[in-house]
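Reviewing the structure listed below.
The values are calculated or read from the model by the stated rules, or taken from the named source; none is laboratory data. Predicted model only: the values in this text are computed from it and were never measured. Counting neighbours? That spans all protein chains shown, and the Cβs are built from the backbone with ideal geometry, glycine included. Ligands, DNA and RNA are stripped out before the accessible areas are found, and what is left, the full protein with its side chains, is counted by its heavy atoms. Shrake-Rupley method; radii C 1.70, N 1.55, O 1.52, S 1.80 Å.
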Amino acid sequence: AKIRYANTYRLESYNKFRDYLVRDKAQAILTNKLQQAKYDGASSPSLCTSISEEILNAVKELDFDRYKYVVSVLIVEKAGQAINVASRWVWDVQRDTWVSAKCETETFIALALVMACYYE
């Protein structure tokens, strides 16, 4: 028979999300992967995917309990343009949070967003 546990009714995390740790990890990963890279539109999607997976794994290793993560990486070629990045979420202001990290080279700008959504 399957063991059923009683509900704890706990609403707070024992190991809360610490944004400075995640920001440092994401910044280090972006810098290590991209400091010598040149912009290439054909390989950018696969590079974004690999970087986002690496950031996600690094954040999961920090072992914040009761959080789910969404990692988005964007690489944009520098061509003298302006850019606005926006996203919408149903957000719990007290528990949900996000972190961004940026890496800028001569030919492109890379932006990593890590959203941490608390779940009970």
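Quick one: what pairs do we get from the stretch 1-24, first residue under 30 Å from S52 (Cα atoms), second aromatic (F, W, Y) and open to solvent by 100 Å² or more (accessible area, probe 1.4 Å), C-beta under 9 Å, 6+ apart or different chains?
D19/W98
If a residue must be surrounded by 10 or more Cβ atoms within 10 Å (Cβ to Cβ) and under 16 Å from the mean Cα position of the chain (by Cα), how many such residues does the stretch 69-90 contain?
Total meeting the criteria: 9.
From the residues in the stretch 41-64 that are open to solvent by 40 Å² or more (accessible area, probe 1.4 Å), assigned to a loop (DSSP other than H, G, I, E, B) and in contact (Cβ under 8 Å) with a residue 24 or more places away in the chain, which one is nearest to L113 (Cα to Cα)?
So, considering only residues that are open to solvent by 40 Å² or more (accessible area, probe 1.4 Å), assigned to a loop (DSSP other than H, G, I, E, B) and in contact (Cβ under 8 Å) with a residue 24 or more places away in the chain, the one nearest to L113 (Cα to Cα) is L62.
Please go through the stretch 98-110 and pick out each residue that is out of contact with any helix residue (DSSP H, G or I) (no Cβ under 6 Å at 6 or more places or on another chain) and open to solvent by less than 40 Å² (accessible area, probe 1.4 Å).
If the condition is that a residue be out of contact with any helix residue (DSSP H, G or I) (no Cβ under 6 Å at 6 or more places or on another chain) and open to solvent by less than 40 Å² (accessible area, probe 1.4 Å), then T105, F108 are the ones that fit.
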